[in-house]
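So the structure is just underneath, and the comments pick up after that.
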Amino acid sequence: MTTTQILATIGARHRDGQPLTDLLCIDCAQSLRLAGVGMTLMNDAGHQAVIGTSGTVASRLEEIQFDLGEGPSLDASRTNRTVGSDDLGDGVLLRWPAFASAALVAGISAVTAVPLGVGGVRLGSLSMYRSSPGRLDEQQRATAHAYGGAAVVVLLHLQERIPSLDLSRDGLHPDLGAPVAYRAEIHQATGFLAVRAAVGMTEALLLLRAHAFAADRSLLDVARDVLAGRLRIHPKENEDD
Amino acid sequence: MTSEQRLARVFVELADTLVDEFDALDFLSTLTERSVELLNADAAGVILADARGVLHVVASTSDQAQLLELLELQNDEGPCLDCLQAGRVVVNVGPGDAHARWPRFSAALAEVGFASAHAIPLRLRDSVVGAMNLFCTAGSHLSEDDVAMGQALADIATIGLLQERAVRQSGLIAEQLQTALDNRVLIEQAKGVLMASAEIDVDQAFRLMREYSRRNNHAVKDVARQVVDRTLSVEHLRRP
């Protein structure tokens, strides 16, 4: 399966209302017989937005990587290399301990994340989740990369077709902008906490994450509580953990 | 719009933006040099028409002022203009033939010492986006084979330019996407900074930045960056 064939397939299935990004993930999951596929947008600071998924499992595993600040999707984009694990249950090779336990709970045992980028510009990753341990064979790996290539084309295609009303220079296509907006409160809470705890933005986000992890809550819920003044997080809380 | 028309449009845009694109110019310069060698000509130049139909000289075998003038002149008259309008080759134009139709071009041609001029269209499907001009000093003649070769070279120019454009465009869009994402995050963080500093809600925080940015003619993202860096305080933002 080549990138062109993939694009032709999802292009033919495209109807208004269903984002091309979701179609690509669904098609990828079907053709490689995967449990789930998720596509994330990332910047150099690692902030990501889940812009496409094949379903709830992939959606959950993509979201949780942002909450945890670790996982294959993040590493693939960060290092611009394909990363993964053929057996997330193999404790010896745990690169992402928190992500691995969440994945196993969700019924995922293996993952491959392909970086998305153009030249030196990193855009995110396409992650493929499998329910049983094992390697992708050579042909499957080639197909996985072809889907990565198609994902880049879809991203650029969307970004090039921003509706004219939204043509500010900072514009994002609605299919990409909406998932970014979904995380807005987390970024607001980061700024908020940076002031209240007198720390930098990076540290503030780490504090939010640490609190969410310790309390077993989603990052978004914790962020909302911080913004509403229901929750105060102090740098010391982290040290005490 | 068909994909052919889209391609044609992409190319016309290219003509518009090509002036500051170094690689494309390099590519075309090389092409003019090869064309002169292969067709036994003495000088060559590539002219592209922009979206408004204005012709731009984008490459030539020499920077000799007279040659450039000869190329530029064809905004008004000459074989190149005819070639662009008719979409076909106009070759073996001698000073004699040229005199009646293009008196200024013909005079300029003789002044540089060229005996003949040729124009080969840069075609993209059924539109013509520019032309390659060739000039010969001796009374040499472009044969049918030469013309076919010239057209093949012109076609290479078209394909090369399209590819160059596609690669450049995708890098540019990717950067825009990355920047857009950076800015979104920055603006949200700045809202949070203001909410915590001034006990205001999220809408008030954004309004504060937007109004400041309008008063001072700065982009909101730049204001947000200063808020996040703490180089711009709430007091500053509120100051009329």
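Summary table below
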read-out: Segments classed as helices (runs of 4 or more DSSP H), wholly inside region A:1-69, with at least 3 members that are closer than 21 Å to residue B:178 by Cβ; value: A:20-31, A:56-68
read-out: Checking residue A:176 against (1) at the interface with chain B (Cβ under 8 Å from one of its Cβ atoms); (2) over 18 Å from the mean Cα position of the chain (by Cα); (3) among the aliphatic types (A, V, I, L, M); (4) surrounded by 22 or more Cβ atoms within 10 Å (Cβ to Cβ), the condition it does not meet; value: (2)
read-out: Boolean, residue B:146 is surrounded by fewer than 23 Cβ atoms within 10 Å (Cβ to Cβ), among the acidic types (Asp, Glu), free of Cβ contacts under 8 Å to residues at least 60 places away in the same chain and in the same structural domain as residue B:59 (by TED's automatic domain parsing); value: no
read-out: Complete set of residues in region B:93-126 that are among the polar types (S, T, N, Q) and out of contact with any strand residue (DSSP E or B) (no Cβ under 6 Å at 6 or more places or on another chain); value: B:106
read-out: Residue pairs meeting the criteria (Cβ under 7 Å; at least 6 apart or on separate chains; first within 7 Å of chain A (Cβ to nearest Cβ) and closer than 13 Å to residue B:228 by Cα, in region B:174-186; second at pLDDT below 90 and assigned to a helix (DSSP H, G or I)); value: B:184/A:180
read-out: Qualifying position, being at pLDDT below 95 and under 19 Å from residue A:182 (Cβ atoms), among A:45, A:8; value: A:45
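The values are calculated or read from the model by the stated rules, or taken from the named source; none is laboratory data. These numbers were taken from a predicted model, which means no experiment stands behind them. In this analysis, Cβ positions are derived from the backbone assuming ideal geometry, glycine residues included, and neighbour counts consider all displayed protein chains.
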